[in-house]
Amino acid sequence: QVQLVESGGGSVQPGGSLRLSCAASGIIFSINVMGWYRQAPGEQRELVASITRDGSTNYADSVKGRFTISRDNAKDTVYLQMNSLKPEDTAVYYCNAPVVATARGLRRDVWGQGTQVTVSS
């Protein structure tokens, strides 16, 4: 069984910073792409950033220059450093792995449980 477990959410004032972590657990052979999505109340879930195993990154325009995604392949963990946070960044943030190679085959579209990020003065 593969699980993604997020941590690091919380409340912060505008201009502040938070760092999210997402650790994959289970008997994992490899994960190519890992990403962060977010969903604000009444809105659709949207991609925030993604990163491949070799470090190629992709960001939503709204977070470019403020957020940085990184990963530790040895720990099957992905991070999201969020700086200069704005109220519009308030959302539940979800970790995602589209495909996970495990001892029992491929697991597709694996999601974490989500972590709340609130930016408010």
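The values are calculated or read from the model by the stated rules, or taken from the named source; none is laboratory data. The model shown is predicted, which means the values in this text are computed figures rather than measured ones. Please note: Cβ atoms are built from the backbone with ideal geometry, for glycine as well, and neighbour counts cover all protein chains shown. Surface areas here come from the heavy atoms of the whole protein model, side chains and all, with no ligands, DNA or RNA. Shrake-Rupley method; radii C 1.70, N 1.55, O 1.52, S 1.80 Å.
A few notes on this one:
- Selection status of PRO98, surrounded by fewer than 19 Cβ atoms within 10 Å (Cβ to Cβ), in contact with an Asp or Glu (Cβ under 8 Å, 6 or more places away or on another chain) and touching a residue at least 60 places away in the same chain (Cβ under 8 Å): yes
- Total residues in the range 20-51, condition surrounded by 15 or more Cβ atoms within 10 Å (Cβ to Cβ) and either part of a strand (DSSP E or B) or of a type in the set (Val, Ile, Thr) (or both): 17
- Within this structure, LEU4 passes the test of being part of a strand (DSSP E or B) and either touching a residue at least 60 places away in the same chain (Cβ under 8 Å) or of a type in the set (Phe, Trp, Tyr) (or both).
- Scanning the range 52-77 for residues that are surrounded by 14 or more Cβ atoms within 10 Å (Cβ to Cβ) and within 14 Å of SER30 (Cβ to Cβ) yields THR52, ARG71, ASP76, THR77.
- For the range 66-115, the set of residues classified as among the β-branched types (Val, Ile, Thr) and either closer than 18 Å to VAL2 by Cα or part of a strand (DSSP E or B) (or both) consists of THR68, ILE69, THR77, VAL78, VAL92, VAL99, VAL100, THR102, VAL110, THR115, listed by residue number.
- Matching residues, the range 8-34, being among the hydroxyl-bearing types (Ser, Thr, Tyr) and at pLDDT below 95: SER25, SER30
- Meets criteria (in contact (Cβ under 8 Å) with a residue 40 or more places away in the chain and within 14 Å of GLU88 (Cα to Cα)) for ALA24: no
- Condition met for GLY16 (open to solvent by less than 30 Å² (accessible area, probe 1.4 Å) and either in a strand (DSSP E or B) or aromatic (Phe, Trp, Tyr) (or both)): no
- Considering each residue of the range 35-45 in turn, none proves to be farther than 17 Å from GLN116 by Cβ and among the aliphatic types (A, V, I, L, M).
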